[in-house]
Amino acid sequence: MSQLKIDKMKKKVQNHLDKVRYEHTLGVMYTAGALAMRYQVDLEKALVAGLLHDCAKCLSTDKKLKLCEKYDLTVSASERKNPGLLHAKLGAYIAEKKYDIMDKEIIDAIAYHTTGRPGMTLLGKIVYIADYIEPNRNEAPNLDEVRRLAFVDIDKCLYVVLKDSLAYLKTRNEVIDPMTEETYLYYKEVLEK
């Protein structure tokens, strides 16, 4: 994919996001690119996955639910309680169908960027972490340390992000997707080995 195609994709994505979400998206794209260079992951894949990770984010809840039904995308109990989570799987579908992304690794990175999943690819970890640490983010605890760790030990960083995210969701009494807890326990075990 050429820079021209990525630039066209950026324009298309920008038409579907509000200003703040688009700025966040660019932050994730460039952070994913930096992490890809650090961990020797395909730079283009990281840029595309970062750019498209929130392509369904600004759709209304009603529209997300209707599109999931239309495209036969399963909506879990936790997604029904917190429909904001739907933008990941719907975004993966849109990336494939509307942006012609056929690379399964990119599609998976988009699909699991909110919950994570056990056994994530390096690209999946990069997009998940980039979404958390990109330069426009400033509300997460220990952000400076997490940003440093992202470039030192990606698995440890992923574990810390998952742990902090779960703690945050619990303090706010938010719905926690079981996949996030499963992913946390998986990477906790990985680090203990």
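Brief remarks on what is shown
- Any hit, the range 67-86, residues being touching a Lys or Arg at 6+ places or on another chain (Cβ under 9 Å), surrounded by 13 or more Cβ atoms within 10 Å (Cβ to Cβ) and under 18 Å from K10 (Cα atoms): no
- Out of I110, I129, I106, sole residue that is over 27 Å from K63 (Cβ atoms), touching a residue at least 60 places away in the same chain (Cβ under 8 Å), assigned to a helix (DSSP H, G or I) and in contact with a Leu (Cβ under 9 Å, 6 or more places away or on another chain): I129
- Selection status of A109, within 15 Å of M29 (Cα to Cα), of a type in the set (G, A, S) and within 13 Å of the chain's Cα centre (by Cα): yes
- Subset of the range 113-126 (residues that are in a loop (DSSP other than H, G, I, E, B) and either small (G, A, S) or over 15 Å from G27 (Cα atoms) (or both)): T114, T115, G116, R117, P118, G119, M120, T121
- Exclusive hit being more than 21 Å from L149 (Cα to Cα) and either in contact with a Ser or Thr (Cβ under 7 Å, 6 or more places away or on another chain) or at pLDDT below 95 (or both), set D18, D72, D54: D54
- Test: E181 is outside any helix (DSSP H, G or I) and either over 19 Å from A56 (Cα atoms) or out of contact with any helix residue (DSSP H, G or I) (no Cβ under 9 Å at 6 or more places or on another chain) (or both): no
Table: residues versus (1) part of a loop (DSSP other than H, G, I, E, B); (2) under 13 Å from the mean Cα position of the chain (by Cα).
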position	(1), (2)
H24	no, yes
A32	no, yes
L35	no, no
R38	no, no
L65	no, no
L73	yes, no
S78	no, no
A92	no, yes
M102	yes, no
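- Exactly one residue out of L149, L158, L122 is closer than 15 Å to G50 by Cα and touching a helix residue (DSSP H, G or I) at 6+ places or on another chain (Cβ under 7 Å), and it is L122.
- Scanning the range 132-152 for residues that are under 19 Å from A36 (Cβ atoms) and either part of a helix (DSSP H, G or I) or under 13 Å from the mean Cα position of the chain (by Cα) (or both) turns up Y132, I133, E134, V146, R147, R148, L149, A150.
- Of residues in the range 168-193 being of a type in the set (F, W, Y) and surrounded by 17 or more Cβ atoms within 10 Å (Cβ to Cβ), the one nearest to T115 (Cα to Cα): Y184
- Enumeration of residues in the range 135-153 that are closer than 18 Å to K125 by Cβ and loosely packed, with under 12 Cβ neighbours inside 10 Å: E145, V152
- The one condition in (1) of a type in the set (K, R); (2) in contact (Cβ under 8 Å) with a residue 40 or more places away in the chain; (3) over 20 Å from V175 (Cα atoms) that K81 fails to fulfil: (3)
The values are calculated or read from the model by the stated rules, or taken from the named source; none is laboratory data. This structure is a prediction, so every number in the text was calculated from the model and none was measured. When we count neighbours, we look across all protein chains shown, and the Cβ atoms used for this are built from the backbone with ideal geometry, even at glycine.
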